[in-house]
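One structure below.
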Amino acid sequence: MWSQFVTFRSKATAWLMAGLGSFAALGVAFALGAFEAAGKQELPQISAGQSMEAGKWLIKPLKAWVTDQKIYGTTPKEGQKILLFEVELTNRTIQSDSGYSNIFQLPSTVGAKAETPMVYLARDGSSLPDLQPGMMEKVVYLWRMPADAIPKDNVEFVIEAWRFKLRNNLTGTPGWWNKDIAGSVALPLSAEQG
């Protein structure tokens, strides 16, 4: 008789713990769901002349324009035009860096038709140089694309940025990790320039 009571008590304890665990799991799932349903933080959108910290870079978009002429040694092919985007970049790291070639991404509808961007220094036309720490440089991004893929009045770029981590989980060293969307920039397209 005593053994039946002990088995009943252990079974009841097991059922009670399973029930409490289930309620705790439901509570956690509800709380997480409630937090996820909360409004997500809007990503900043900047325009010409506004500065923004984007990971390794301090960026300041200046202007965007389209041309069908040779510029920075790049000639559009038959049926193509070149979308140009001028921006001031400042390297915020402690080392020279040339990892800025894909900070700016075109919208997928336009970007799918565009060639890989080329980046030049505005002052001398050199291609994708290392930028020195703390020194502002004007650079020009060029995308060759079919003339009919060029946006009409405005162009919007998505800004990607690396995040600084004081300690990497694997090596314990500081560095720039986890590339993510930092915001966007919308610019009017200027009249064609040569």
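The values are calculated or read from the model by the stated rules, or taken from the named source; none is laboratory data. Predicted model only: the values in this text are computed from it and were never measured. As a convention, Cβ positions derive from the backbone with ideal geometry for all residues, glycine included, and neighbour counts pool all protein chains shown. Protein only, heavy atoms only, side chains kept; ligands, DNA and RNA dropped before computing areas. Shrake-Rupley method; radii C 1.70, N 1.55, O 1.52, S 1.80 Å.
Scoring SER22 on the criteria (1) of a type in the set (S, T, N, Q); (2) modelled with pLDDT of 70 or more; (3) exposed (fewer than 10 other Cβ atoms within 10 Å of the Cβ) leaves a single failure, condition (3).
Just a yes or no: is a residue in segment 160-171 basic (Lys, Arg), touching a strand residue (DSSP E or B) at 6+ places or on another chain (Cβ under 6 Å) and open to solvent by less than 90 Å² (accessible area, probe 1.4 Å)? Within segment 160-171, one or more residues are basic (Lys, Arg), touching a strand residue (DSSP E or B) at 6+ places or on another chain (Cβ under 6 Å) and open to solvent by less than 90 Å² (accessible area, probe 1.4 Å).
Of the set (1) open to solvent by less than 20 Å² (accessible area, probe 1.4 Å); (2) at pLDDT 90 or above; (3) farther than 22 Å from ILE181 by Cα, all apply to ILE71 but (1).
When GLU78, GLU36, GLU88, GLU53 are screened for being open to solvent by 20 Å² or more (accessible area, probe 1.4 Å) and modelled with pLDDT under 90, only GLU36 passes. The residue that is nearest to GLU137 (Cα to Cα), counting only those in segment 63-93 that are acidic (Asp, Glu) and without any contact (Cβ under 8 Å) to a residue 60 or more places away in the chain, is GLU88. The selection criterion, being under 21 Å from SER47 (Cα atoms) and modelled with pLDDT of 85 or more, does not hold for LEU131. Within segment 94-113, being crowded, with 18+ Cβ neighbours inside 10 Å and either touching a residue at least 60 places away in the same chain (Cβ under 8 Å) or more than 20 Å from the chain's Cα centre (by Cα) (or both) holds for one residue alone: PHE104.
Residues of segment 123-147 that are among the hydrophobic types (A, V, I, L, M, F, W, C) and either open to solvent by 30 Å² or more (accessible area, probe 1.4 Å) or more than 13 Å from PHE85 (Cβ to Cβ) (or both): LEU128, LEU131, MET135, MET136, ALA147. Only residues that are under 18 Å from THR90 (Cβ atoms), aliphatic (A, V, I, L, M) and modelled with pLDDT of 90 or more were counted across segment 111-128, and they come to 3. Condition first: on the phi > 0 side of the Ramachandran plot and at pLDDT below 90. Can you find one or more residues in segment 148-169 that meet it? Checking segment 148-169: not a single residue is on the phi > 0 side of the Ramachandran plot and at pLDDT below 90.
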